[in-house]
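Asks: Have a look at the structure that comes next, please.
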Protein chains: 2
Amino acid sequence: METSTKPDPVTFARRPETYNHWKLSIEGSLARLVMTVQEDKPLRPGYRLKLNSYDLGVDIELYDAVQRLRFEHPEVRCVVVTGANDRVFCAGANINMLAGSSHAFKVNFCKFTNETRLGIEDASANSGQRYLAALNGVCAGGGYELALACDEIVLVDDGNSAVSLPEVPLLGVLPGTGGLTRLVDKRKVRRDLADMFCTVAEGVKGKRAVAWNLVDEVATKSRFAEAVDRRARALCAASPARSTQGVVLTPLEAKHEADTVRWKHVTLSIERDKRVATLTVHGPEANLPGDAAGLRALGAAWWPLQAFRELDEALLTLRHNEEEIGLVLLRTAGDVDAVLALDRTLEANAGDWFVDEVRLFIARTLRRLDLTARSFYALIEPGSCFAGTLFELALAADRSYMLYDKDRPASIGISRMNGGAYPMSHGMTRLQVRYLGEPDRAHEILDEPRVYDPTDAEEAGLVTVVADEIDYADEVRVAVEERVSLSPDALTGLEANLRFPGTENGDSKIFARLSAWQNWIFQRPNAVGERGALTLYGKPERPAFDFRRT
Amino acid sequence: METSTKPDPVTFARRPETYNHWKLSIEGSLARLVMTVQEDKPLRPGYRLKLNSYDLGVDIELYDAVQRLRFEHPEVRCVVVTGANDRVFCAGANINMLAGSSHAFKVNFCKFTNETRLGIEDASANSGQRYLAALNGVCAGGGYELALACDEIVLVDDGNSAVSLPEVPLLGVLPGTGGLTRLVDKRKVRRDLADMFCTVAEGVKGKRAVAWNLVDEVATKSRFAEAVDRRARALCAASPARSTQGVVLTPLEAKHEADTVRWKHVTLSIERDKRVATLTVHGPEANLPGDAAGLRALGAAWWPLQAFRELDEALLTLRHNEEEIGLVLLRTAGDVDAVLALDRTLEANAGDWFVDEVRLFIARTLRRLDLTARSFYALIEPGSCFAGTLFELALAADRSYMLYDKDRPASIGISRMNGGAYPMSHGMTRLQVRYLGEPDRAHEILDEPRVYDPTDAEEAGLVTVVADEIDYADEVRVAVEERVSLSPDALTGLEANLRFPGTENGDSKIFARLSAWQNWIFQRPNAVGERGALTLYGKPERPAFDFRRT
């Protein structure tokens, strides 16, 4: 059922002036993000985006808008998300798009939409940009999941508009964009009421929607604008003011050569025959400015922002356009001391809105890496600069290999930025995860940030394998060949398990309990078979289920 | 690929005297549980249980042994698990069995083995019966996962014997019986070392196995018995003595009629055409003994032990033998006050080893219900006795319906046993989960245990739906018909998500992150397709993978 003709690559660069599906406007501390999906502009041909339903293209614009609000509009303290259609806020993810997509596309689409919604919650929690969902009409499926990612939800009370998660009864799949988790973990809807809600296709409206805590308020059509305005003003008032002068996210420039994409600081090289990619991050120059004003003057060109925006785009490119690449070799090139100097700047300027935003963006990008279903090996060699912030790449990798060459010493570095600046989805730092069995050791390493040579690094347990120049190349070659020979599905499951030791929270449950079950269902004939519910949605035939429970 | 011929039903009653695959012996405070799998006695024909590999039949005996050790041998403080074969401790789950099983069978097999291993850890944590894995030879896959469930692991150091998780490299599936979670969460093996370990088919042996914390000790053949003995004695010495007089788990008696199984206190009725089962628990008589000696004299006939053993068997029967039953109606019959009196006995005698064991068994059975992939509705009607311990059934259900009949009042009851006696897999109580958004309310309800009429129950939020005699029957009928019409896969995913709000721990991660991914992989052509790795294991052909990463 899956086609193997290669579709056009997905691109991720967007600008508000040319959004197809959203209108972003700013009035002082208030932003309005209006969903106005153009049904004849799907990302790929084959379906129409009716009733403000969305596809990956709509969500890439939303992702862009959420990022720009944080960097370009720090004065914004509340974002009202609403719809331009008269009776429908959003019909959710487009079903025809889902039914016609490959399994891998569906899974990566859901992952990206999940990350974008977590990004909204991250903006609320860490940047004081609170989100208000102003549901001006019917709000179904992924539309309601978007609302659930907002801080507050107001629903119009017009006798017709309901919130709903009709995936189970209508499509035989889950509300997979965090909906189930946010219902019971975030909004703390009672689980039996959540069960009722998720099995009733028409959803819940009016007072019952408030009583069950599915929304915070309902307001009649004539009072809707006032209710939204009142809540938006209250959210603004409760959120501290930041700067009035933002930093523009200038376009990233990438050169596409045969099998290589070169951004300024990041290079992605693909060896398709080997199913291996190499992702190289070039470290910062020495002597960058150390004061907040100087950094803001650099703006989007400041190394950590530019490098991690490029890394983000590279990871998304890998996920969506290079499905067969199984292993990514992570490399860095540059000066360890320059990275450590940069980390001191990040640390010294903590509290400055722009520096904080850059740090939070790095954290999100690293979480995107943790959640990428590809194997990662970090290769630590002479000339590399896996230090501090960039050492997080090695900590995120499934393994790290370090060359011990006594003539050309390689080194790694720990900085205070490894101590909590970049939490994983489940809230732990990568250093905590690494030393789950020896928490004191993590403290010791953090308490004395320093540079480690290969012998020190091995002894401290900071790298997986140290090998000398006689063995290193062979060891890496064999490890690469072995990795790419293994079942890609088994590796996806293995990595998703081993990368997240420790207690899980709501964020990580979205990718664990919820997404893993959704991916399972996305494979089941009851959803995607010839007579499956997803396949037959909108067609006259009724689905035929194999009723064996599993 | 899945056959629909109906196999013989699985039975769960076992006795040590007639075990096929294990030898259980007791010497004072030490028990030895020796795996000696008879290869010509598989549960179902079609494969041979070579090299101490196991199937569900082997695991049902293990489950029986673990229960009997707790009830019949409270004097045991350490259980040594070892193998009778010379060079192989255990080769893991039988691959030919797995490759030839339906998806539902594989999933339910893994779930049962997971529950049994969690039961071992429960015996260690709560009954002072510590488990020592004495690995006298090669220990692969599920064999090592069994060892991981033990408190300590000793591995023979004979130059050949290794521990291994070869599922990913050899079979294209995960070590799905808790192995990945226990590696990093329980034994806290560093995640990059765990990654190396899980991709090397031959495993790790000798000093490296100790250095990576895969085992606690290695001992040469000549010193192996002494090392095991020394550790077993130390475990015994560190665990407090309990009673020397156990309670025998007498056989359960069940009458099988057409579509009904009747145990003494539990009845399971199947309506196959409707895909609905009714599970009725008959409550205790009034005036049961209230002192520990009297209860021990009743032994296995004491109502809570007998009723929950029967419920356990009924749940297992449903899971393994009634795959198409999608919805279970939970009913109780009896006297609310008698259940509350029983709960006072359970509470007053806390600390008595036998009463504690009964409570822990109830807790495990309720967790089995939480983890059963069927919908549950509790029906609370006149003559029912959903109170205290039995109210946990209603709390565990996806929904509860209560009849308001003013002439024949139905009631429910809260006791202190709803306050922590029966934690769910993720450590929360069902009352905490119900009131996640109103924790104060959970405290209020617990602080004043009492009986609730329908009006009180609805107002307190203790039931989902209250309906009067005019509406009740119709409301339930419609809810039942709707439920069984929905996609069974979507319901499995929905329920697995909504039943476990709150933070996840290692135990619950086994069923969430790990099992959900394993179930996904068990559907993937790379594992179970014609050229999948699981399908082709042991055959001359090499698997052919679709290398698109998902």
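Taken together, the values in this text are just the output of simple stated rules run on the coordinates, not laboratory data. Since the structure is predicted, the reported quantities are computational estimates derived from the model, not experimental observations. Note that each Cβ is placed from the backbone with ideal geometry, even for glycine, and that neighbours are counted across all protein chains shown.
Asks: Explain nothing, just the number: relative contact order of the stretch A:1-103, from Cα pairs under 8 Å at least 6 residues apart, as a whole percent.
Replies: Working: 152 pairs, mean separation 32.9, N = 103.
In percent, rounded to a whole number, it is 32.
Asks: So if I place +1 on the C-beta of Lys and Arg and -1 on the C-beta of Asp and Glu, and nothing else carries charge, what would the dipole magnitude of the protein assembly as shown be about its Cα centre? I want it in debye, nearest 20. Before the final figure, lay out each step's value.
Replies: On the way: 134 positive and 158 negative charges, 200 e Å.
For this selection, approximately 960 debye.
Asks: Translational diffusion coefficient, Stokes-Einstein: compute it for the stretch B:1-73 using the Kirkwood radius over C-alpha pairs as Rh, at 25 °C and 0.890 mPa s, and state it as an integer in µm² s⁻¹.
Replies: Values: Rh = 13.6 Å.
The diffusion coefficient I find is 181 µm²/s.
Asks: Which of A:Met417, A:Met402 comes first, and how do the rest follow, when ranked by fewest Cβ neighbours within 10 Å? Display every interim value, and only then the final one.
Replies: Working: A:Met417 25, A:Met402 28.
Going from sparsest to densest Cβ surroundings: A:Met417, A:Met402.
Asks: Once you sort the root eigenvalues of the Cα gyration tensor of the stretch A:267-424 as a ≥ b ≥ c, which label holds: rounded (a/c under 1.5), prolate (a/b larger than b/c) or oblate (the other case)?
Replies: Details: a/c = 1.94, a/b = 1.35, b/c = 1.43.
Since a/c reaches 1.5 but b/c is at least a/b, the shape of the stretch A:267-424 is classed as oblate.
Asks: Name the shape class, rounded, prolate or oblate, that the alpha-carbon gyration tensor gives for the stretch A:419-460, where a ≥ b ≥ c are the square roots of its eigenvalues, rounded holds for a/c under 1.5, and otherwise prolate holds if a/b is larger than b/c and oblate otherwise.
Replies: Numbers: a/c = 2.04, a/b = 1.76, b/c = 1.16.
It is prolate, given that a/c is not under 1.5 and a/b is the larger ratio.
Asks: Multiply the residue separation of B:Asp405 and B:Ala225 by 0.36 nm, subtract the distance between their alpha-carbon atoms, and state the gained length in nm to one decimal.
Replies: Values: separation 180, 0.36 × 180 = 64.80 nm, distance 6.78 nm.
Working it through step by step, the gained length comes to 58.0 nm.
Asks: List, shortest first and in nm to one decimal, how far the label point of B:Asp337 (7 Å from Cα along Cα→Cβ) is from its counterparts in the other copies.
Replies: Relative to the other copies, B:Asp337 has label-point distances of 8.6 nm.
Asks: Follow-up. Using amide H atoms built 1.01 Å from N in the peptide plane, name the residues 5+ places from B:Tyr131, or on other chains, whose amide H lies under 5 Å from its own.
Replies: Those lying under 5 Å, H to H, from B:Tyr131 are B:Val79, B:Asp151, B:Glu152.
Asks: Which GluC sites (Glu not before Pro) from the stretch B:291-355 combine a DSSP loop assignment with at most 16 other Cβ atoms within 10 Å? Please report the intermediate quantities before stating the final value.
Replies: Numbers: sites: B:Glu310, B:Glu313, B:Glu322, B:Glu323, B:Glu324, B:Glu347; in loops: B:Glu322, B:Glu323, B:Glu324.
Loop-located and lightly packed - B:Glu324.
Asks: Now for a separate question. Explain nothing, just the number: relative contact order of chain B, from Cα pairs under 8 Å at least 6 residues apart, as a whole percent. Walk me through the intermediate numbers first.
Replies: Numbers: 1028 pairs, mean separation 64.2, N = 550.
Relative contact order for chain B comes out at 12 percent.
Asks: Another question, if that's okay. Between their Cα atoms, which of A:Lys6/B:Lys539; A:Lys23/A:Lys207; A:Lys50/A:Lys106; B:Lys23/B:Lys50 are more than 26 Å away from each other?
Replies: Numbers: A:Lys6/B:Lys539 33 Å; A:Lys23/A:Lys207 30 Å; A:Lys50/A:Lys106 19 Å; B:Lys23/B:Lys50 17 Å.
Going by Cα-Cα distance, A:Lys6/B:Lys539; A:Lys23/A:Lys207 fall outside the 26 Å limit.
Asks: From the label point of B:Lys274, set 7 Å along Cα to the beta carbon, how far off in nm is each other copy's matching point, shortest first?
Replies: Relative to the other copies, B:Lys274 has label-point distances of 6.4 nm.
Asks: Along the stretch B:71-88, what does the Karplus equation 6.51 cos²θ - 1.76 cosθ + 1.60 (θ = phi - 60°) give for ³J(HN,Hα), rounded to whole Hz, x for Gly and Pro?
Replies: 8, 8, 9, x, 6, 6, 10, 8, 10, 8, 9, 9, x, 8, 6, 6, 10, 10
Asks: Compute the relative contact order of the stretch A:269-426 as a whole-number percentage, counting only Cα pairs closer than 8 Å that sit 6 or more residues apart in sequence. Walk me through the numbers before you get to the answer.
Replies: Values: 265 pairs, mean separation 41.1, N = 158.
Computed value for the stretch A:269-426: 26 percent relative contact order.
Asks: Additional query: 222 nm [θ] for chain B, helices only, -39500 (n - 2.57) per DSSP H run of 4+, per residue, to 500?
Replies: Numbers: 21 runs with 216 residues, N = 550.
That calculation yields -11500 deg cm²/dmol at 222 nm.
Asks: Find the Rg to Rh ratio for chain A, where Rh is the Kirkwood radius over alpha-carbon pairs and Rg uses the same atoms.
Replies: Working: Rg = 23.8 Å, Rh = 24.5 Å.
Computed over Cα atoms, the ratio is 0.97.
Asks: Arranged by the count of other C-beta atoms within 10 angstrom, fewest first, what order do B:His443, B:His320 take? Kindly include the intermediate steps, with their values, before the conclusion.
Replies: Working: B:His443 14, B:His320 21.
Result, fewest neighbours first: B:His443, B:His320.
Asks: What does the convex hull of the alpha-carbon atoms of the stretch B:426-520 project to on average, in nm²? Before the final figure, lay out the partial values.
Replies: Numbers: hull surface 32.3 nm².
Projected over every direction and averaged, the Cα hull of the stretch B:426-520 covers 8.1 nm².
Asks: Against the longest alpha carbon principal axis of chain A, how many degrees, from 0 to 90 and to the nearest 10, is the axis of helix A:353-370 turned?
Replies: Helix A:353-370 and the main axis of chain A meet at about 90 degrees.
Asks: Based on the mean of other Cβ atoms within 10 Å per residue, sort peptides B:389-397, A:39-47, B:407-415 so the most packed one is first. Don't skip to the answer; put the middle values down first.
Replies: Numbers: B:389-397: 25.6, A:39-47: 14.6, B:407-415: 18.9.
Put in order of decreasing packing, that is B:389-397, B:407-415, A:39-47.
Asks: While we're on this one: Looking at the square roots a ≥ b ≥ c of the eigenvalues of the Cα gyration tensor of the stretch B:120-200, which shape do they give, rounded for a/c under 1.5, prolate if a/b is larger than b/c, or oblate? Mind dumping the intermediate values first?
Replies: Values: a/c = 1.92, a/b = 1.34, b/c = 1.44.
Because a/c hits 1.5 or more and a/b fails to exceed b/c, the stretch B:120-200 counts as oblate.
Asks: Short version: ³J(HN,Hα) in whole Hz for each residue of the stretch A:315-323, in order, from phi by Karplus 6.51 cos²θ - 1.76 cosθ + 1.60 (θ = phi - 60°), x for Gly and Pro, what are they?
Replies: For the stretch A:315-323, the Karplus curve yields 5, 5, 4, 4, 4, 8, 10, 10, 4 Hz.
Asks: If you put a point 7 Å past Cα along the Cβ direction, how far is that point for A:Ala293 from the same point in each other copy, in nm, smallest first?
Replies: Nearest to farthest, the other copies are at 8.8 nm.
Asks: Still on this structure, I have one more. Can you give me the long-range amide H partners of B:Val218? Hydrogens built in the peptide plane at 1.01 Å from N, cutoff under 5 Å, separation of 5 or more residues or another chain.
Replies: For B:Val218, whose amide H was placed from the backbone, the distant partners under 5 Å are B:Leu155.
Asks: Further question on the same structure: Excluding residues fewer than 8 places away in the same chain, name every one of the lysines whose C-alpha is closer than 20 Å to that of A:Lys255.
Replies: The qualifying lysines are A:Lys264.
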